[in-house]
Amino acid sequence: MKNLNISRRNFIRRSALASAAASGWLATNTPLGLASSAKAAENAADYKALVCIFLLGGNDSFNMVVPTSTGGYSDYQSVRQNLAIAKDTLLPINPINGAPDTYGFNPALAPIHDMFNQGNMALVNNIGTLIRPVTKDDILQGQPELPSPLFSHNDQQKHWQTAWPQQNQKTGWAGRIADLKSDLGETLPMNISLLGTNFLQTGTNSNHYSITSQGAPLIAALTPGLFPGNEERAALVQSLTEQSTHIMERTYGQTINRASELASLVNTALVNAPDMSSFFANQNSISDDLAMVAQMISVEQQLPQQQQIYLVGMSGWDTHDNQVSAHATLLNDLSQAMADFNQALGSINRSNDVTTFTVSDFGRTLTSNGDGTDHGWGGVQMVMGGAVDGGKFYGNMPDLNLGSADDLGDGRIIPTTSMDQYAATLAKWFGLTDIELAAAFPNLGNFATGDLGFMG
Amino acid sequence: MSNNFTDRQLVNPQTCTSTKQRSNSHWLSYALSSLTILFLISACGGGSSEDDPPPPPPPPPVSVSISPEKAARFLTQTTFGATPDSIDNLADIGYQAWLDQQFAYPATLHLPLIMEYPDDDELTQNHRQEIWWRTALTADDQLRQRVAFALSGIFVVSDQGILNETPYGLANYYDILVRNAFGNYRELLEEVTLSPMMGIYLSMLGNEKPNEALNIRPDENFAREVMQLFSIGLVELNLDGTQQLDDNGAPILTYDQNTIKEFAHIYTGWHFADNPSWYDVRVNVFESMKPFEDFHDSGEKILLNGLIVPAGGTARSDLDAALDNLFNHPNVGPFITHQLIQSLVTSNPSPSYIQRVSSVFNDNGQGERGDLEAVIKAILTDDEAINIGALQDTSFGKLKEPLLRFSQMWRAFNASAESGKYYFNNTSFFTGQAALSAHSVFHFFLPSYAPPGEISNAGLVAPEFQILDENFLTYTLNVFAYTVFTQFQGGEDTDPDSILIDVSTELTLADDPSALVEHLNLLLMAGQMSDGMKTELIASIETIPATEAHARVLNTIFLVVISPQFSVQK
């Protein structure tokens, strides 16, 4: 569904920018000045960003939040064996909306402990890929439609991104959101990736733009003004692209065009951006990526899109081996980066406008393989931001006993909430109407509700 | 078991012998003997009596030589880049003789080369990459190295993660691919399976039989990925690589979770070759893992296609049964050969091409299944690969991955460094790619990737585009600019470790733009440059004064290597 209408707010922004440029921009009492301040106020109120953190490999998320009652912990320890987190190290959390047990955070999540208790983070429990709700009996009896193949990394990663497992889909739900909501006439897309090419941010009419934690590099030998001869070289490459007869040559050449144009735009915007890295305790890739996202958000008024969706990734979650130490490091790095990101956003008054959320291929087996876990299905995700109705659990906590109705086998937990519901809740906050939600999430109607409530 | 394995202090020269040297039959004697036979045939036509009609003239000797353009094109498919000498050689002796020459060259192994670094060097993955570049750019056994590179995208291990501090071990792993590139797939699969590098990477090393009391079951990592990625893939295939479909038109999965579990029980009881006992860990990153029967599950397992592995087997006998079970699955031919074709020739082979090659995998003509030399030959000499008519097909071919674009440029201009080393540090940071350095076992790009837009809409795939996002493209173009404009023989901004191109030949053509362009057309683009591109390049040369020979040459080389036309192999 192509958005043909230039929205009123875009028109005001563009005309105000044009007028401001013509008038000298600093006037405050002229009609132009009023238009400028109106633009600023309106834009500040309208701006929203979603930040997706993809935990690549499948996060063993049932070790993030652990039951602490005697019986609950005993069940947990019995199934997790040598992977169980020691009870006296758990950090108590008190979900405001109640929970089936008392719980504690894995101590590695210390950086976000306060954030949860203060209401800026929610946990969404037992989410996974689904086409429709299924029970264990359904699966054992008759092969209902499942997001197949389960437990395969690249397929499950793809399903989380496309929200359309029945089809060999080429678009993802963030790309479809951009098709619906972004200004398709602008060169900078709504979707910005720090994880390279991906399905999530690919739409039918919109695509994503890739940057890194260092920003958007300029093409040294083609960018006008950087070196002598650049203009001539750029023109020649452009001409070669235009005269290409081969389909792959054209796509390659068009990528050069995009890279040139968007790098200039982004670099101009970032030139006076505040340094966000000082908010981050660690210098690792997740912290560096989120620091750049914070920087981009800080200059959003100089970027053409009204709203943005960012994708960052973090690898290493496929803890078949050495899980006890590896997972602790991963959770600590992740939660520290998220907490620091929250601080950075606060410094530019964007806490309420930005919602950050995790996704992952799958949860993992409750049972151990000796020193790690194998591929599972349902898991826990985190949502963070000022607009989040936090300090709460959403969804269901599964039964941790092997062989329960939640256990497909070896502690692979059948999800009771679908990632469609999760993503649709975020998309609704982002501004999609019910009709748009149905278009972006084709399977959403198979589930009881499209709004899990964690965005208030 | 520690988290990180480092092999810097563990190198034992005695363990590092190269094996399987091929006999070194000289190509010249083969060629001469062929010519001799041809002369004998043509000479037999004379000496008839007057009563007999004159015998028909003998057929003209079949010339094996090919055009330089065809030679350069073939070299793009089979090596890390054409050079003037290699074009001349191949043009002269033709495809078959050249392939025989390549099959006969002894394998250049990476481990002995990395071992030449002094022990007190702080050896890192950058040193391993240096060996990789040195081999790619200078080794004689180009086809073998190119095939090993293709195999490294299928049988993936990586220095990203737990293997980060094992450059020796990874060099040795790469040599498994090099040694087996023209061998048999079954042997390749076994060496990969028992490699301690793979054992660590996919956690088969140290995998134990189940502990039922504690509900601890064997690790499934390797069991899953060896099927999904190294042998049969996820769905049942026809011989031509197309998917089999069930009655509802849906693909048929090759295995389910239960099968993975059964295989996981097979892959138990293996640990480092030097362990005196299971828990007494002595890291050995070179030798195949060793079995410990007490930690192997010897129960019955049911594998693919209902194969029952009876109870009571040893770790080794069970492993053999399992690898045979995988090897004999009909999927292996199409699954593996499709990816080799994509790496060497074209991203979108026709089903009939895949079928012809898969048939050779199934039987090389002498009853052997899995003969990779025969498979490689079939891939490269198939009409679909060789027929220059493919150039009319505007979707035939593949985007060259970044490493090949650099290697082709460097080989074309006889690149070398004063130190004899070929450092391209942090290759993957700048280009998105490096040997054995992927972020996951799924390699840098999937065989099924299609960039959105024209290519995807046409139902085609182009895997290499998966790492051609705006960021990596920009970095790659910037590294090209740096290397072409500053890293040449005679340049000022160089040091002993710099890889420098030698453009002395090209400089002699600088005052003749048309000749320079034609020269680069053959050397870099196999003669495929369009008239339009030639015109543009000549015009751009003429804007630079003839006295600035370096500027003319380097600017033109740069424009060619970043052009869409050079970037796509066809």
Listed residue (B:Q243, B:S419, A:S148) projecting farthest to the positive dipole end of the protein assembly as shown, Cβ model: A:S148
Förster radius 41 Å - calculated FRET efficiency between B:V64 and B:E492 (Cβ-Cβ, nearest 0.05): 0.35
- request: Quick one: which residues, 5+ away or cross-chain, put their amide H under 5 Å from the amide H of B:E300? H built at 1.01 Å from N.
  value: B:A311
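With charges only on Cβ, +1 for K and R and -1 for D and E, what is the dipole size of chain B about its Cα centre, in debye, rounded to 20? Present the calculation step by step, with values, prior to reporting the outcome.
On the way: 30 positive and 71 negative charges, 58 e Å.
For this selection, approximately 280 debye.
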Label-point gap, in nm, between A:T135 and B:D85 - each point 7 angstrom along Cα→Cβ: 7.5 nm
In Hz, Karplus ³J(HN,Hα) per residue of the range A:186-198 (6.51, -1.76, 1.60; θ = phi - 60°; x = Gly, Pro): 8, 6, 6, x, 5, 8, 10, 10, 10, 10, x, 5, 7
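How much space per residue, in cubic angstrom, does the convex hull of the C-alpha atoms of the range B:440-570 take up?
Numbers: hull volume 19.2 nm³, N = 131.
For the range B:440-570, the hull spanned by Cα atoms encloses 146 Å³ per residue.
May I ask for the accessible area buried between chains B and A, both sides summed, probe 1.4 Å, to the nearest 100 Å²? Spell out each step's value before the answer.
Details: alone 24640 and 19110 Å², together 38300 Å².
So the buried area, both faces added, is about 5500 Å².
With all pairs of different alpha carbon atoms counted, what Kirkwood hydrodynamic radius in Å does the range B:58-189 show? Walk me through the intermediate numbers first.
On the way: mean 1/r = 0.0613 Å⁻¹.
After inverting the pairwise mean of 1/r, the radius is 16.3 Å.
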message: Using the Cα atoms of the range A:343-424, I'd like the radius of gyration and the largest Cα-Cα distance, Dmax, both in angstrom.
response: 16.1, 49
query: Expressed as a whole percentage, what fraction of the accessible surface of chain B belongs to carbon and sulfur atoms when a 1.4 Å probe is rolled over the protein heavy atoms?
result: 52 percent
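Once the Cβ-Cβ distance between B:I252 and B:N328 is put in as r, and R0 is 25 Å, what FRET efficiency do you end up with, to the nearest 0.05?
Numbers: r = 18 Å, r/R0 = 0.72.
With R0 = 25 Å, the Cβ-Cβ based efficiency is 0.90.
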message: With just the Cα atoms defining each centre, how far is the range B:263-295 from the range A:332-346? Give it in Å.
response: 42 Å
Cross-link reach list, aspartates and glutamates versus B:K398, counting only Cα pairs under 20 Å and skipping chain neighbours closer than eight places: A:E242, A:E249, B:E69, B:D240, B:D382, B:D383, B:E384, B:E454, B:E464, B:D469, B:E470
message: Looking at the range A:293-347, I'd like the Rg to Rh ratio, where Rg is from alpha-carbon atoms and Rh is Kirkwood's inverse mean 1/r.
response: 1.14
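Using the membrane-span-like helix rule (whole DSSP H runs, Cα extent along the own axis of at least 27 Å, mean Kyte-Doolittle hydropathy at least -1.0), which helices of chain A qualify?
Values: long enough: A:247-270 (34 Å, 0.00); A:323-347 (35 Å, 0.08).
Helix filter hits for chain A: A:247-270, A:323-347.
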- line: Taking only the alpha-carbon positions of the range B:97-142 as identical scatterers, the Debye log10 I(q)/I(0) at q = 0.23, 0.25, 0.32, 0.33 Å⁻¹ comes out as -0.80, -0.89, -1.16, -1.19
- line: Using alpha-carbon coordinates alone, the radius of gyration and Dmax of the range A:81-130 in Å work out to 12.2, 36
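When the accessible area of chain A is split by element with a 1.4 Å probe, what percent falls to carbon and sulfur? Walk me through the intermediate numbers first.
Working: 8420 of 16350 Å².
Looking at chain A in its full context, I get 52 percent from C and S.
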query: What are the extents of the Cα atoms of chain B along their three principal axes, listed from largest to smallest and rounded to whole Å?
result: 82, 78, 54
- request: Tell me which residues come under 5 Å, amide H to amide H, from B:V235 once H is placed; ignore anything under 5 positions away on its chain.
  value: B:T254
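What is the Cα radius of gyration of the protein assembly as shown over 2.2 N^0.38 Å, N being its residue count? Don't skip to the end; give the middle numbers.
Details: Rg = 30.4 Å, N = 1026, 2.2 N^0.38 = 30.7 Å.
Dividing the Cα radius of gyration by 2.2 N^0.38 Å gives 0.99.
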- line: Check: C-alpha center the range A:234-313 vs C-alpha center the range A:430-453, spacing in Å is 30 Å
message: I need the Debye-formula profile for the range A:127-274: one equal scatterer per C-alpha, no solvent, reported as log10 I(q)/I(0) at q = 0.17 1/Å, two decimals.
response: -1.05
Degrees between helix B:68-78 axis and first principal axis of chain B (Cα, 0 to 90, nearest 10): 10 degrees
statement: Ordered by number, the residues of the range A:244-276 with at least 50 Å² less accessible area in the assembly than alone (1.4 Å probe) are A:H246, A:I247, A:M248, A:E249, A:T251, A:Y252, A:T255
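Mind running the shape call on the range B:173-301? Use the C-alpha gyration tensor, a ≥ b ≥ c as the square roots of the eigenvalues: rounded below 1.5 for a/c, prolate if a/b tops b/c, oblate otherwise. Provide the component values of the computation, followed by the final result.
Numbers: a/c = 3.13, a/b = 1.37, b/c = 2.28.
The shape class here is oblate.
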statement: The distance between the Cα centres of the range B:378-429 and the range A:350-387, in whole Å, is 41 Å
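Taking only protein heavy atoms into account and a 1.4 Å probe, give the accessible area per residue of the protein assembly as shown in Å². Show your work: numbers first, answer last.
On the way: 38300 Å² over 1026 residues.
That works out to 37 Å² per residue.
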message: Using only the alpha-carbon atoms, how far is helix B:531-542 inclined from the longest principal axis of chain B? Give it as 0 to 90 degrees, nearest 10.
response: 70 degrees
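If one computes P(r) from the Cα atoms of chain A, what percent of pairs lie at distances over 39 Å? Present the calculation step by step, with values, prior to reporting the outcome.
Values: 25308 of 103740 pairs.
The calculated P(r) of chain A puts 24 percent of pairs beyond 39 Å.
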task: Round to the nearest 0.05 the FRET efficiency obtained for B:T314 and B:Q244 when R0 = 60 Å and r is the Cβ-Cβ distance.
output: 0.95
statement: Rounded to the nearest 10, the angle in degrees between the Cα long axis of helix B:142-152 and the longest principal axis of the Cα atoms of chain B comes to 40 degrees
- prompt: Short version: what are the Cα gyration tensor semi-axes of the range B:290-367, square root of 5 times each eigenvalue, largest first, in whole Å?
  reply: 34, 13, 11
message: Taking the square root of 5 times each eigenvalue of the Cα gyration tensor, what semi-axes in Å does the equivalent ellipsoid of the range B:233-372 have, largest first?
response: 34, 20, 14
Proximal charge balance of B:F295 [Cβ under 14 Å; K/R count +1, D/E count -1]: -4
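Averaging over all projection directions, find the projected area of the Cα convex hull of the range B:352-440 and quote it in nm² with one decimal place.
On the way: hull surface 37.5 nm².
Average projection, Cα convex hull of the range B:352-440: 9.4 nm².
The values are calculated or read from the model by the stated rules, or taken from the named source; none is laboratory data. Predicted model, so just to flag it, every value in this text is computed and none were measured. Every residue, glycine as well, gets a Cβ built from its backbone with ideal geometry; the counts of neighbours run over all protein chains shown. The accessibility values were calculated without ligands, DNA or RNA, using every heavy atom of the protein model including side chains. Shrake-Rupley method; radii C 1.70, N 1.55, O 1.52, S 1.80 Å.
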